[in-house]
Every structure is written in structure tokens, then in C-alpha cells.
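FYI, it's all coordinate maths here, none of it is from the lab. What you see is a predicted model, and the numbers here were worked out from it, not measured in a lab. With ideal geometry, Cβ positions are generated from the backbone for all residues, glycine too; neighbour counts draw on all protein chains shown.
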Amino acid sequence: MSHPNLSVDFCGIPFENPVMLSSSPVSNSAEMVGRAFEAGFGGIVYKSIGVASNESIHPSPRMAPYHYQSQRLLGLQNVEQLSDRPFKDNMADLRYLKKHWPGKVVISSIMGFSRDEWRELALASEDAGVDMLELNFSCPHMTVEGSGMAASQAHALVEQFTEIARKAVKIPIMAKLTPNITDINEPAMFAKRGGTDAISAVNTVAGMIDIDLTDFVPRPNVFGKGAIAGYSGPAIKPIALRCIAQLAQNSELNLPLSGIGGIETWVDVVQYMLCGATTVQITTGVIHYGYRIIEDILEGMTYYMEDQNLRSIDQIVGRAVPNIVPTDRFDLSRQGIAQYDLERCIGCGQCYIVCQDAGGQCLSWDRADRRPHIDDRTCLGCMICSFVCPISNPPLITYKEVSNRPPIIPPVSRD
């Protein structure tokens, strides 16, 4: 039997596989992108280019890691600017990439600071032979009025700048949107009215990872000052996945989606696709592990599709969307409880503590055998106990539906 087909069609452009580098330091030059192509990436979005990019000076340092307890690089804070390489060098690199890797997809990410700049960047990129444009309406730390994230938040600018690019070029265009907004579908609809062919989401989340307790400066510490800036990595995946799902659920939008945010494994890639993305983009995962990350992703996707008897990516895209519903559509007539495999319990007592302090107070603790004992009548099925149990493979605590069990009503608090 032949292997599953990992190729996709995105805006009429064939991809040998749907995994790309996102516009960032990992796609900053032809030399870097060439190594990513050789490693197996199906496409790249080149680091964002501005007309005056040769005048861009990056802060130093420009990044800082977010470590949490024993977890290394749970996220990344950056104050990265547009490409600091000369404009002509970037255009030459785009030409070089399409000449030497004609089967790979090259997308030019552009950001203008005026209408004329948007037009100039779009035309120059098309002339360099790229397959597609990505319009950067999403960087959270641009300080020029109407640029980056501020454009997404001022919806009319999204429409205007998209329309300028659409009229300037014949190649497909994709609007990249920020998560730092109430409803991501609002700028998406303005981008559609401007003529975009696709939406990519999300860029980094505006945040601060750390403040030094001795000098009181946020990280990265740029000679005594910090900033609210872009945060990326696995911790933003729930936010980004939500945004992709909301875009996919919008029947009026109905555009191809490229998912970005916290992707490190094949599981992440498949989950984005299940929520409606046709392609995905990666940065922080590459910063953590290098371009070699693509090997495990493609291998994992292949094995997953074989296991599920899926032959093409089209069979995955959007498959979870019908199951994502408002909470008022939940079936409240069915209830369940936690069940314990006490033979494997190590007696740490963490489940008892959290049940008492954050759950349904349905556990009692036997001091003699150091085991929890559950009262099925009062268990809420919240499953908090399973979150803290150290025995997870396979789980010691699992969920069990209980037939004909009415919802538990908590007792009235005592005065």
C-alpha cells in the first residue's frame, strides 16, 4: 500500500507538504531557508520585509526565554523588528530561492508604513518570483502608527492595505492577523472585502514573561528597559487554535487558513488541521529544536494517517469543526464520575488535597493504606484529581459515564 499523500493545494498553489517556516528569524536569509527546504519543509514565509528594512536596527538582546519550573522554553518573548538586511538583498534572496527550489513554496511577508510602501513591496515581491504574499497586520510591538497589530485593530486599514496589494499583483495574497483583539473574525472580514485569498493566524500574543526582582526591568532587558511585546511558543497554542476554529466556523469568511502558534509536534499540526487549517507555520519550535523538527512531524503525520486509514490531508481539514459548539449545546442529561485504579496508586495524596480545596470534596483519605476513597454520590466529574495525579501513562484516574445519574447540586453553604 502506498503512503498517505501529504501534499495540499493552498490558494491554487501545490505544496509537497503543508508545513512551513513562519516569517521570523528562522527564515531570515536564502542560506537559512535553503537548509530548511533540504530538511523537508514544504514552504516558507520569508522574514517580514519593509521598504526601509536596511535602516532597521534590532534591540540587543532581542529575545528572552520563558522557563517555568522544570519546563525549558515554555515560551519566548521577542522584540524582533522587520528584516535588518538591505531591501535589494532580500529581493535577490527570494529570486535565488525560487530558482534553486522551484518545487518549494516561497511566500514574501511584507509590511508597509504607507499606501505607497504596501504597493511597492507587493510589486517588488511579485517581480522576484514568489508564489504568494503574506500581509503582516499582526506584529504586536510595531510603534509606527497604523502598522503591525495596530492595523488589525483598526479594521479599515486591513481592508485598505489588502486592496492595495490585491490591485497591485496577480499572485495570491494572505492576511496575517493578530490574536490581540476581541474577535478575530472582524479584521478577517475586512481583509476579505479587501480581496485577500487566505488568512493566516496568529502572530505572537502581546505579553511580558518576566520582571527582574532586583532591577525591576522586564525581559528582554535592553539596557535598563523592557516592553510589552510578542510572546510565542507552546503556551499560546490554545489561543491560536481557538482563533483558527472561529475563522473556520465563519461561513461568511470561507477562506483557506494557515495556522500558527505553539506548533512543535505532528499532533499540533493535525489538531490545527482538524480545526480548519490547510497549512501551518512554525517558528519557536524551530528555535527550540532546529529545522530537524520537520522530520518527526512528517513521519508522525504519515503514521497517524495510515493508522486512521486516511489517504489525503483533505480528509483531516475541518473535521473537528462541527464538534466545536457553544456550551449551551452540551448534553447535560448525561453525567459521569472519576474512577480510580488503586492497585497502581502510589499514595501521594495530591488528588485528595485538590478535591478538598478545588473540587467536589468527594474524596476521603485512609491513613492506614494511604489511598483515596471516592463517594460516587458527590463526585462532580470535574476530573481535577486526574490533572495532578503523577501516574499518567496509562492514566490512573479516568472518567466514567454513569447511567441515569442526575446532575449533582452542591449543598447550601453554612453560615
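Let me spell out the model: positive unit charges on the Cβ of Lys and Arg, negative unit charges on the Cβ of Asp and Glu, origin at the Cα centre of segment 224-340. What dipole size does that give, in debye rounded to 20? Please report the intermediate quantities before stating the final value.
Working: 8 positive and 11 negative charges, 80 e Å.
Here the size comes out at about 380 debye.
Couplings 3J(HN,Hα) of segment 147-154, computed from phi: 10, x, 4, 4, 5, 4, 7, 10 Hz, in residue order, whole Hz [Karplus 6.51 cos²θ - 1.76 cosθ + 1.60, θ = phi - 60°; x for Gly and Pro].
What's the extension gain from residue 356 to residue 183 if we count 0.36 nm per residue and subtract their Cα-Cα distance? If you can, show how the numbers build up before the last one.
Numbers: separation 173, 0.36 × 173 = 62.28 nm, distance 3.71 nm.
The span from residue 356 to residue 183 would gain 58.6 nm if fully extended.
Sequence-ordered 3J(HN,Hα) estimates for segment 332-345 from the Karplus curve with 6.51, -1.76 and 1.60 and θ = phi - 60° stand at 8, 7, 10, 9, x, 9, 7, 10, 10, 9, 5, 5, 9, 5 Hz, glycine and proline given as x. Comparing 132, 207, 51 along the charge dipole axis of segment 8-323, the residue lying farthest to the positive side is 51, per the Cβ-charge model.
Only helical runs count toward this figure. For the chain, summing -39,500 (n - 2.57) over DSSP H runs of n ≥ 4 and dividing by all residues gives -9000 deg cm²/dmol at 222 nm.
In a DSSP loop and with at most 12 other Cβ atoms within 10 Å, there are no chymotrypsin sites (Phe, Trp or Tyr not before Pro) in segment 20-129. Within the same chain, lysines fewer than 8 places from residue 167 are excluded, and of the rest, those with a Cα less than 16 Å from its Cα are 192.
Give the residues of segment 180-212 whose amide nitrogen is closer than 19 Å to a point set 7 Å from the Cα of residue 251 in the direction of its Cβ. What the label zone holds, given the 19 Å backbone N cut-off, is 185-186, 189. Relative to the longest principal axis of the Cα atoms of the chain, helix 30-39 runs at roughly 50 degrees.
Farthest towards the positive end of the charge dipole of segment 69-119, among the residues 78, 103, 114, is the Cα of 103, using unit charges on the Cβ of Lys, Arg, Asp and Glu.
Computed over every Cα-Cα pair of segment 320-371 and binned at 5 Å starting from 0, the pair-distance distribution P(r) comes out as 4, 14, 19, 17, 12, 10, 12, 8, 3, 1 percent.
Close amide H contacts of residue 210 (hydrogens built in the peptide plane, cut-off under 5 Å, sequence separation of 5 or more or a different chain): 219. Shown here for segment 347-415: trypsin sites (Lys or Arg not before Pro) in loop regions (DSSP other than H, G, I, E, B) with at most 13 other Cβ atoms within 10 Å, namely 367, 370, 377, 414.
Segment 14-138: D in µm²/s via Stokes-Einstein (Kirkwood Rh, Cα pairs, 4 °C, 1.567 mPa s)? Don't skip to the answer; put the middle values down first.
Working: Rh = 15.2 Å.
Value of D from the Cα-based Kirkwood radius: 85 µm²/s.
Which values, in whole Å and largest first, are the semi-axes of the equivalent ellipsoid of the chain obtained as the square root of 5 times each eigenvalue of the Cα gyration tensor? Value: 43, 25, 22 Å, ordered largest first. Per the Kirkwood definition applied to all pairs of different Cα atoms, how many angstroms is the hydrodynamic radius of segment 178-262? One decimal place: 14.4 Å for the Kirkwood radius.
Here segment 331-402 is assigned +1 on the Cβ of each Lys and Arg and -1 on the Cβ of each Asp and Glu. Its dipole about the Cα centre then comes out at about 100 debye.
Charges were assigned to the Cβ only: +1 to each Lys and Arg, -1 to each Asp and Glu. The resulting dipole of the chain about its Cα centre is roughly 120 debye. Helix 87-100: angle to the longest alpha-carbon principal axis of the chain, degrees 0 to 90, nearest 10? That helix lies at roughly 80 degrees to the long axis. The gain in end-to-end length when the residue 332 to residue 156 segment is fully stretched comes to 59.1 nm, 0.36 nm per residue minus the alpha carbon separation. Of 321, 105, 217, the residue with the greatest mean-square motion in the GNM of the chain, using alpha carbon springs below 10 Å, is 217.
Measuring from each cysteine beta-carbon in the chain, the ones with no other cysteine beta-carbon under 4.7 angstrom are 11, 139, 243, 275, 345, 348, 355, 382, 389. Quick one: net charge around residue 37, please, counting Lys, Arg +1 and Asp, Glu -1 for every other residue with C-beta under 14 Å from its C-beta. Taking every Cβ under 14 Å from that of residue 37, the sum is -1. For q = 0.13 Å⁻¹, what log10 I(q)/I(0) does segment 313-415 give under the Debye formula with an equal point scatterer on each alpha carbon and no solvent? Ignoring solvent entirely, the Cα scatterers give -0.59.
Between residue 302 and residue 375, the contour length at 0.36 nm per residue exceeds the Cα-Cα span by 21.9 nm.
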